[in-house]
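Trainee: Provided herewith is a single structure, encoded as structure tokens, for subsequent inquiry.
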Amino acid sequence: MARILIADDEAGIREFLRDALEADGHEVVDAANGDQAAALLDQRGFDLLITDLKMPGRTGMDLVRKVRAEQPETQVIVLTAHATVDSAVEAMRLGAFDYLRKPIGSPEELCVLAGRAVERRGLLDTADRAERSQALDPPLSHGDPAMQPVVEAISRVARTTATVLLLGESGTGKEVAARTIHRLSDRRNCPFMAVNCAALSETLLESELFGHEKGAFTGAGERRRGRIELAHSGTFFLDEVGEAKPDLQAKLLRVIQERRFERVGGTRTIEVDVRWVAATNRDLRAMIAEGKFREDLYHRIAVFPIRLPPLRERPGDVLPIARLLLEGICADLKRRPLAIAPDAERKLVGFSWPGNVRELANSLERAAIMANGDSIRGDDLWLDAGAAPPPGAAAPIKPLAELEREAIVRTLQSVDGNRRKAAELLGIGERTLYDKLKRLGLDQDRS
């Protein structure tokens, strides 16, 4: 349930809105003009303000400005019988979430849009909670000299609106860096949104980023706002941007360059104010040379590139990060806090950590499970990825991409490289196999 304030000088409109929203489970207060609405805003907080643009005294635009300045977490939907592109754009430029034209089509249309606005309000709350719990996340650095240039670069660029490209191996803390940039910027009180371009199929990724209209594809039962739209006024983190397909790269280029886009299946152009941070563990310049990544998109996202060094290049950070991670691991495992014994410390600092912080966390979790007493000892740590696991421990779980690669290579070898037969044995289409070979870097391999 959300607290919603309605401001409209037409009693019939207020009654329609109040009845629809209360039936949807919300707590609703209404005001007959802008001055009454401003007084109510001063008295208590609201999750959502729905206001007419044209009212005697204070206008809807005045209320948008007031909310933006004094209660930026409150979302605003503007109503107008005089809807024009100019008025809608101006209201959203000032910070409104969206607008509705009078007469409103149906209570369902109103409630869906109000629900989306309240969802964005909830995302702001989530961001605030994440901000308060930031101390539980591994910080960028604990003082290792190799990280000093990174810390300084992030501190400088965070105060600007420049697009940042974070470069580094998997597990080096690129998302932590992105969140730090957001936290240090003047957008800190607005949403931080993140999407991993490698985690979703092309169709789902496009819908997740840009949203979709009702009926845009099978299963699209209602209009949905995308994460870029929900990130308006905030920061958007494009993780693993090197995995984006060519068609999506073109659409990303447009929204980054022109700050406008259309939802999937829609024709209405939506303007958005977003600060972009991208990240990749791929060599984008090599991908450009191979025709796999757009050069114009690269130059848009690489305005301010920052390389995050792997953990092996900053050994001074290993133990402080390990202690911080171990604190959270013990809480998750519901066991008393564990210290790290000196022999375990030497082992941790001496290891190369090819999987970086992610591998460190996994190793500590295994050790915490194996540990007896009040500390992790050297014998509790299983760090050699090529060695047999300790007695009673499960074999290491390989990444899905590695298992997929091994299965494809073995199958191709068993049929002397015949891709049609290999696809049949794997239970996939020949085109799907071809795409997987390209993605896994096996398209040149005829063995």
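The values are calculated or read from the model by the stated rules, or taken from the named source; none is laboratory data. Everything numeric in this text was worked out from a predicted model, so none of it was measured. Don't worry about glycine lacking a Cβ; one is built from the backbone with ideal geometry, like all the others, and counts go over all protein chains shown.
Trainee: Could you list all residues from segment 116-128 that are closer than 16 Å to Leu5 by Cβ and at pLDDT 75 or above?
Mentor: Ala117, Val118
Trainee: Separate question: Looking at segment 341-373, which of its residues are surrounded by 14 or more Cβ atoms within 10 Å (Cβ to Cβ), assigned to a helix (DSSP H, G or I), within 34 Å of the chain's Cα centre (by Cα) and small (Gly, Ala, Ser)?
Mentor: Once the filter is applied, which keeps residues that are surrounded by 14 or more Cβ atoms within 10 Å (Cβ to Cβ), assigned to a helix (DSSP H, G or I), within 34 Å of the chain's Cα centre (by Cα) and small (Gly, Ala, Ser), segment 341-373 yields Ala361, Ser363, Ala367, Ala368.
Trainee: Pick from Leu205, Leu166, Leu200: which is aliphatic (A, V, I, L, M), assigned to a loop (DSSP other than H, G, I, E, B) and either surrounded by fewer than 16 Cβ atoms within 10 Å (Cβ to Cβ) or in contact (Cβ under 8 Å) with a residue 40 or more places away in the chain (or both)? Outline the logic, then answer.
Mentor: Working: Leu205 fails: assigned to a loop (DSSP other than H, G, I, E, B); Leu166 fails: assigned to a loop (DSSP other than H, G, I, E, B).
Going through Leu205, Leu166, Leu200 in turn, just one is aliphatic (A, V, I, L, M), assigned to a loop (DSSP other than H, G, I, E, B) and either surrounded by fewer than 16 Cβ atoms within 10 Å (Cβ to Cβ) or in contact (Cβ under 8 Å) with a residue 40 or more places away in the chain (or both): Leu200.
Trainee: Anything in segment 156-170 that is within 22 Å of Asn356 (Cβ to Cβ) and not aliphatic (A, V, I, L, M)? List them, or say none. Steps first, please.
Mentor: Our first condition is that a residue be within 22 Å of Asn356 (Cβ to Cβ); within segment 156-170, this holds for 164-170.
Correct list: Gly168, Glu169, Ser170.
Trainee: Where in segment 270-340 are the helices (runs of 4 or more DSSP H), entirely inside, with at least 1 residues that are surrounded by 22 or more Cβ atoms within 10 Å (Cβ to Cβ), outside the structural domain of Arg223 (by TED's automatic domain parsing) and not hydroxyl-bearing (Ser, Thr, Tyr)? Working first, answer last.
Mentor: Values: elements: 284-289, 295-301, 318-332.
Output list reads 318-332.
Trainee: Could I ask something else about it? Does Thr235 meet the test of being under 12 Å from Arg275 (Cβ atoms), surrounded by fewer than 22 Cβ atoms within 10 Å (Cβ to Cβ) and modelled with pLDDT of 90 or more? Give the derivation first.
Mentor: Details: under 12 Å from Arg275 (Cβ atoms): yes; surrounded by fewer than 22 Cβ atoms within 10 Å (Cβ to Cβ): no; modelled with pLDDT of 90 or more: yes.
Judged against the criteria, Thr235 is not a match.
Trainee: Scan segment 142-175 residue by residue and report those that are under 24 Å from the mean Cα position of the chain (by Cα) and of a type in the set (Gly, Ala, Ser).
Mentor: Ala153, Ser155, Ala158, Ala162, Gly168, Ser170, Gly171, Gly173
Trainee: Next question. Considering only segment 243-299, state which residues are within 22 Å of Ala177 (Cβ to Cβ) and in contact with an Asp or Glu (Cβ under 7 Å, 6 or more places away or on another chain).
Mentor: If the condition is that a residue be within 22 Å of Ala177 (Cβ to Cβ) and in contact with an Asp or Glu (Cβ under 7 Å, 6 or more places away or on another chain), then Ala279, Thr280, Asn281 are the ones that fit.
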